[in-house]
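Following: one structure in structure tokens, then a few remarks.
The values are calculated or read from the model by the stated rules, or taken from the named source; none is laboratory data. These numbers come from a predicted model, not from an experiment. Cβ: placed from backbone, ideal geometry, glycine included. Neighbour counts: every protein chain shown.
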4 protein chains.
Amino acid sequence: MPDNIVDRLVEIFRRFPGIGPRQARRFVYHLLHEGRGSIDRFVADLRALHTAVTQCEQCFRFYSANTNYRSGHTCDLCSDSSRDNSLLMIVEKDADLEAIRQSGTYQGSFFVLGGLIPILEKDPRSKLRLPELNATITKRLSEKSLVEVIVALAVNPEGDHTIEILKQTLEPWTKKGLRLTVLGRGLSTGTELEYSDADTIKNALENRS
Amino acid sequence: MPDNIVDRLVEIFRRFPGIGPRQARRFVYHLLHEGRGSIDRFVADLRALHTAVTQCEQCFRFYSANTNYRSGHTCDLCSDSSRDNSLLMIVEKDADLEAIRQSGTYQGSFFVLGGLIPILEKDPRSKLRLPELNATITKRLSEKSLVEVIVALAVNPEGDHTIEILKQTLEPWTKKGLRLTVLGRGLSTGTELEYSDADTIKNALENRS
Amino acid sequence: MPDNIVDRLVEIFRRFPGIGPRQARRFVYHLLHEGRGSIDRFVADLRALHTAVTQCEQCFRFYSANTNYRSGHTCDLCSDSSRDNSLLMIVEKDADLEAIRQSGTYQGSFFVLGGLIPILEKDPRSKLRLPELNATITKRLSEKSLVEVIVALAVNPEGDHTIEILKQTLEPWTKKGLRLTVLGRGLSTGTELEYSDADTIKNALENRS
Amino acid sequence: MPDNIVDRLVEIFRRFPGIGPRQARRFVYHLLHEGRGSIDRFVADLRALHTAVTQCEQCFRFYSANTNYRSGHTCDLCSDSSRDNSLLMIVEKDADLEAIRQSGTYQGSFFVLGGLIPILEKDPRSKLRLPELNATITKRLSEKSLVEVIVALAVNPEGDHTIEILKQTLEPWTKKGLRLTVLGRGLSTGTELEYSDADTIKNALENRS
């Protein structure tokens, strides 16, 4: 790490998603122009972040640990008895979960897998929360609530490879009747046929209705 | 029209898809730098275009009228007896048809509708080849070959509005048992959940499998 | 060349500046959708282009050979006695000349060099109109009109290399007193210091006033 | 301010230059995925920033207040006796100063003005460090070192308007012989004549050499 504070902060900001060295430096100038009071509030929020926001021990999403609905370290979604516990949707990351939740089209429960696996990854299983997923499914099945696991991952080679790994991992349960589905494929909003790839056309054709 | 030839050609090129005034002018400079022989070959091909390429009177796509397989002004696809005539896919334009054909995933026949209809269009039916579509379907049904019409349009408000118009237009036949389907919707290649709209998530969820 | 007319026109349009294969094909579809009358007018203008537009034998720009001001194959600019013949500006191509002419800031004469020379070019002199430039300068000096040659080329390695070649070529005259200048360098419209390279800052500093 | 820490941090990141709401939220997820140790180091650097980096009371740039060369709150550049104190360059902001310094083409001193003034600004003088600039120039002139003030601002309407304000402000001194210059204008690196505006061509022509 550089021993100069400005350079050190530039290094930290460069690790932020989508930020290059030039913009990282502009961030530091921005902070220098902010008053000391702004920095103090920023620091206070940053320090409180890991206390205020914890990871749900059931679905592994990050959530604001408001003490009111807190019950045994599970998040507001997992604690919400009005949600449909017969469905468990596996997503890659918090941002995906958030987009699906905000779409208002899914009322079941979630599980954040923590990543996607490239095809050449040597030790794929260590990169995902597979033991935690197994534990969640075991618990849910023992409660007799779970009927279907829905895999909701990005449509790319890593996503497809991860779907294969999940299918293998969940095979002991699917053999016993647990339903395992994958989000449907076809034309998405804004798609123009002229610019569509063969896979998308094939899926759209198979899923026509 | 301007009386200067350069300006007139700039005007013509500006009507080409995606071309602004600056690039239109560069096209003219490009032609000036080409030798007279190049221009002559260009002109010869342009003059021959409307003779060599005609519109199929069955599917309305443009095709190279090679005399060998020519039979009553129908294109190579419509004349190809190995294609599945039980399926008729309605597309907006030639480029869409070409993309679907090249995907290698569809072996049925096509019909080029000729456009999409904006929601506020006053006289929507005049903009589409609806009488021609009716004629084609009538003929196909009389030949007892047609089983299903597949609507393959872009996923946007114009596409959706055009689907509604097609459903009304084809209602007399669908009531009598003709199957009418629309390309399936869901996640397309490259989709990331984080950036997906609610409609796409909803469709992907409904079409999960 | 492909023997199919559509593919042949796609090939021709792909050679247009900035056009890829996909857009080239859309151009052909565009032409197919245009009526025969449009194509006929397009063809007529293309055929007339090389007759109507000729290259000035003095400055080598392309110009509309309107018979009214035509005098010995020189263009309207070169024939315009109100322009300042003491100045000769060397530009790379017609589009540069046009931009400078339309800026309204230069009233002298022009010479279109026909290209820029990459540094590793083996036979650089053959790619430029150097004999023609020599002839023009000789003629102008014998008429005792020419005082200054202004080099107006793009600011990049090819431009700089071409400037060096021009300086060597014109040395016999500059030694005898012909003034040879290069367009000034510094900050151009829209420049932000934060994103400027060292050369631009150096030039702007040297040319401060 | 939202009472939720995540939303509060999103708000803070949205004020960072060039950051929209979506990327701001990704920043927070990034921080959540970083361990507590990373956050602690980030917080430590942020807290130390305003102590470690102070504003030079002479040129108003931010600098790392390393105690070694510290002398009366002036920065390393202002304290550097090898720099040419006969020149004072006025820049808008730290990032501009940094770009000019790193170009290695200027060895004089700097003054950070703190902004540019839009043409319709009602109270333009309050937005710039004009009293501080006056004080610096007075001091420098009394030390008999200052010969020339160089204005180095972006080439846009705000920059040009600010140059006018500076010329009025410094008039008492320029009348007495202080030289006031503006960075030269013309073609900058990468400029192509074809795409140049009239102002740039005019400046390049006037500054030809």
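Using the structure shown, decide if D:GLN107 is within 29 Å of D:LEU153 (Cβ to Cβ) and out of contact with any helix residue (DSSP H, G or I) (no Cβ under 9 Å at 6 or more places or on another chain).
Considered against the rule, which asks whether it is within 29 Å of D:LEU153 (Cβ to Cβ) and out of contact with any helix residue (DSSP H, G or I) (no Cβ under 9 Å at 6 or more places or on another chain), D:GLN107 comes out as yes.
If we keep just the residues of the stretch B:175-190 that are β-branched (Val, Ile, Thr) and in contact (Cβ under 8 Å) with a residue 12 or more places away in the chain, which is nearest to the other protein chains (Cβ to nearest Cβ)?
The extreme case among them is B:THR181.
Residue by residue through the stretch C:108-139, note down the ones that are under 20 Å from C:SER82 (Cβ atoms) and within 20 Å of the chain's Cα centre (by Cα).
C:GLY108, C:SER109, C:PHE110, C:PHE111, C:THR136
Kindly evaluate A:LEU128 against the criterion of being in contact (Cβ under 8 Å) with a residue 24 or more places away in the chain and either of a type outside the set (Gly, Ala, Ser) or under 14 Å from A:HIS161 (Cβ atoms) (or both).
yes
Of B:HIS33, B:HIS73, which residue is without any contact (Cβ under 8 Å) to a residue 60 or more places away in the chain and on the phi > 0 side of the Ramachandran plot?
Criteria check complete, one pass: B:HIS73.
Take the residues in the stretch A:139-174 that are more than 26 Å from A:GLU121 (Cβ to Cβ) and surrounded by fewer than 16 Cβ atoms within 10 Å (Cβ to Cβ); name whichever of them is farthest from the other protein chains (Cβ to nearest Cβ).
A:SER142
Just to check your reading of the model, which residue among B:ILE100, B:ILE90, B:ILE39 is over 24 Å from B:GLU143 (Cβ atoms) and among the β-branched types (Val, Ile, Thr)?
Answer to the check: B:ILE39.
Please go through the stretch C:15-63 and pick out each residue that is aromatic (Phe, Trp, Tyr), within 7 Å of another protein chain (Cβ to nearest Cβ) and farther than 11 Å from B:ILE12 by Cβ.
Across the stretch C:15-63, the qualifying residues are C:PHE16, C:PHE27, C:TYR29, C:PHE62.
Considering only residues that are surrounded by fewer than 20 Cβ atoms within 10 Å (Cβ to Cβ) and in a helix (DSSP H, G or I), look in the stretch D:82-98 and name the one that is nearest to the other protein chains (Cβ to nearest Cβ).
Out of the qualifying residues, it is D:ALA95.
State the number of residues belonging to the stretch C:80-100 that are aliphatic (A, V, I, L, M) and free of Cβ contacts under 8 Å to residues at least 40 places away in the same chain.
Residues that pass the stated criteria total 3.
Yes/no matrix, rows are residues, columns are (1) modelled with pLDDT of 90 or more; (2) under 19 Å from the mean Cα position of the chain (by Cα):
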| residue | (1), (2) |
| --- | --- |
| A:VAL28 | yes, no |
| A:HIS33 | no, no |
| A:ARG36 | no, no |
| A:THR54 | no, yes |
| A:CYS75 | yes, yes |
| A:CYS78 | yes, yes |
| A:LEU88 | yes, yes |
| A:GLU92 | yes, yes |
| A:ALA95 | yes, yes |
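If a residue must be outside any helix (DSSP H, G or I) and out of contact with any strand residue (DSSP E or B) (no Cβ under 9 Å at 6 or more places or on another chain), how many such residues does the stretch D:1-40 contain?
Residues that pass the stated criteria total 11.
Does any residue in the stretch D:44-55 that is free of Cβ contacts under 8 Å to residues at least 12 places away in the same chain come within less than 9 Å, Cβ to Cβ, of a residue that is in a helix (DSSP H, G or I) and of a type in the set (Gly, Ala, Ser) six or more places away or on a different chain, and which pairs are these?
Note: pairs meeting the criteria are D:ASP45/D:ALA52.
Check the stretch C:69-79 and report whether any residue there is in a helix (DSSP H, G or I) and farther than 27 Å from D:GLU192 by Cβ.
Yes, the stretch C:69-79 contains at least one residue that is in a helix (DSSP H, G or I) and farther than 27 Å from D:GLU192 by Cβ.
So B:ILE201 passes all but one of these: (1) crowded, with 21+ Cβ neighbours inside 10 Å; (2) within 14 Å of another protein chain (Cβ to nearest Cβ); (3) touching a strand residue (DSSP E or B) at 6+ places or on another chain (Cβ under 8 Å). Which condition number does it fail?
If we test B:ILE201 against (1) crowded, with 21+ Cβ neighbours inside 10 Å; (2) within 14 Å of another protein chain (Cβ to nearest Cβ); (3) touching a strand residue (DSSP E or B) at 6+ places or on another chain (Cβ under 8 Å), just (3) comes out false.
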